[in-house]
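In what follows, a single structure is set out as structure tokens and then discussed.
The values are calculated or read from the model by the stated rules, or taken from the named source; none is laboratory data. Note that the structure is a prediction, hence the values are computed from the model and not measured. Counting neighbours? That spans all protein chains shown, and the Cβs are built from the backbone with ideal geometry, glycine included.
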Amino acid sequence: MTVDPPVAIARRSDARAIAVMSRDLIEYGLQWRWRADRVAKAIADPDTNVAVLRRNEELIGFGIMEYLDDEAYLVLFAVAKASQRQGLGSALLRWLEAAARAAGSQRIRIDTRRESVAARCFYNEHGYHETTLEPRMYGKAVDGVRLEKWLRVPIGSNA
């Protein structure tokens, strides 16, 4: 399936826009940790994918996925408010999942705010299951939820 706009690998020049989206859509009310320099390091990291969606050269969505041994961790994921509910987030997530499968990941883990019902529903609709409620996960003030999705049967499983 193709999506318009297509998913692309982030360029170093995307770091500032990704950082601002993270601050405004993910890290709001918390200390801003994903500033442009940190995002630029993720873009350059060979064990990390930073995927983006652009419309008319404007960044409208991104996902940062780290690869750890046999699993992947979706560190940050956001779609601009004006571009939400158009299937773009779903397409971006499917692209990241395909990349994780290609990298040999057995599962993907994600964390989100407990209060973010929209994010939790989005991930649940895409096959992610909530595993843990983590009190004060974010900034020692905001509760979080850990989710995971198995991409393939774990090695040694009887399934």
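Condition first: acidic (Asp, Glu) and either assigned to a strand (DSSP E or B) or more than 15 Å from Ser105 (Cβ to Cβ) (or both). Now tell me which residues in region 35-82 satisfy that. Before you say what the answer is, go through the steps one by one.
Keep residues of region 35-82 that are acidic (Asp, Glu), which gives 37, 45, 47, 57-58, 66, 69-71.
Scanning region 35-82 gives Asp37, Asp45, Glu57, Glu58, Glu66, Glu71.
If I go through region 76-86 residue by residue, how many of them are touching a residue at least 24 places away in the same chain (Cβ under 8 Å) and more than 13 Å from Ala19 (Cα to Cα)?
We begin by selecting, within region 76-86, every residue touching a residue at least 24 places away in the same chain (Cβ under 8 Å); these are 76-81, 83.
In the following step, the residues that additionally are more than 13 Å from Ala19 (Cα to Cα) were identified as 81, 83.
Looking only at that region, the number is 2.
Scan region 1-16 for residues that are in a helix (DSSP H, G or I) and either modelled with pLDDT under 95 or crowded, with 19+ Cβ neighbours inside 10 Å (or both) and report the count. Full working, then the answer.
First, pick out the residues of region 1-16 that are in a helix (DSSP H, G or I): 12-16.
Okay, now just the ones that are also either modelled with pLDDT under 95 or crowded, with 19+ Cβ neighbours inside 10 Å (or both), so 14-15.
Number satisfying all stated conditions: 2.
When you scan region 72-86, do you find a residue that is surrounded by fewer than 19 Cβ atoms within 10 Å (Cβ to Cβ), among the β-branched types (Val, Ile, Thr), at negative phi and in contact with a Leu (Cβ under 8 Å, 6 or more places away or on another chain), even just one?
No, that holds for no residue.
Only one of (1) aromatic (Phe, Trp, Tyr); (2) part of a helix (DSSP H, G or I); (3) surrounded by fewer than 16 Cβ atoms within 10 Å (Cβ to Cβ) fails for Phe122. Which number is that?
Tallying (1) aromatic (Phe, Trp, Tyr); (2) part of a helix (DSSP H, G or I); (3) surrounded by fewer than 16 Cβ atoms within 10 Å (Cβ to Cβ), Phe122 fails exactly one: (3).
Can you name the residue in region 87-117 that is free of Cβ contacts under 8 Å to residues at least 40 places away in the same chain and assigned to a helix (DSSP H, G or I) and, of all such residues, is surrounded by the fewest Cβ atoms within 10 Å (Cβ to Cβ)?
Filtering region 87-117 down to residues free of Cβ contacts under 8 Å to residues at least 40 places away in the same chain leaves 89-90, 93, 98, 102-104, 109-117.
Narrowing the set further to residues that are assigned to a helix (DSSP H, G or I) leaves 89-90, 93, 98, 102, 117.
Values: Gly89: 20, Ser90: 15, Leu93: 26, Ala98: 12, Ala102: 8, Val117: 10.
Result: Ala102.
Filter region 24-51 down to residues that are crowded, with 22+ Cβ neighbours inside 10 Å and either in contact with an Asp or Glu (Cβ under 8 Å, 6 or more places away or on another chain) or aliphatic (A, V, I, L, M) (or both), then give me how many there are.
Within region 24-51, the first condition is being crowded, with 22+ Cβ neighbours inside 10 Å, and the residues that meet it are 39, 49-50.
Filter again for either in contact with an Asp or Glu (Cβ under 8 Å, 6 or more places away or on another chain) or aliphatic (A, V, I, L, M) (or both), leaving 39, 50.
Going through region 24-51 one residue at a time, the tally reaches 2.
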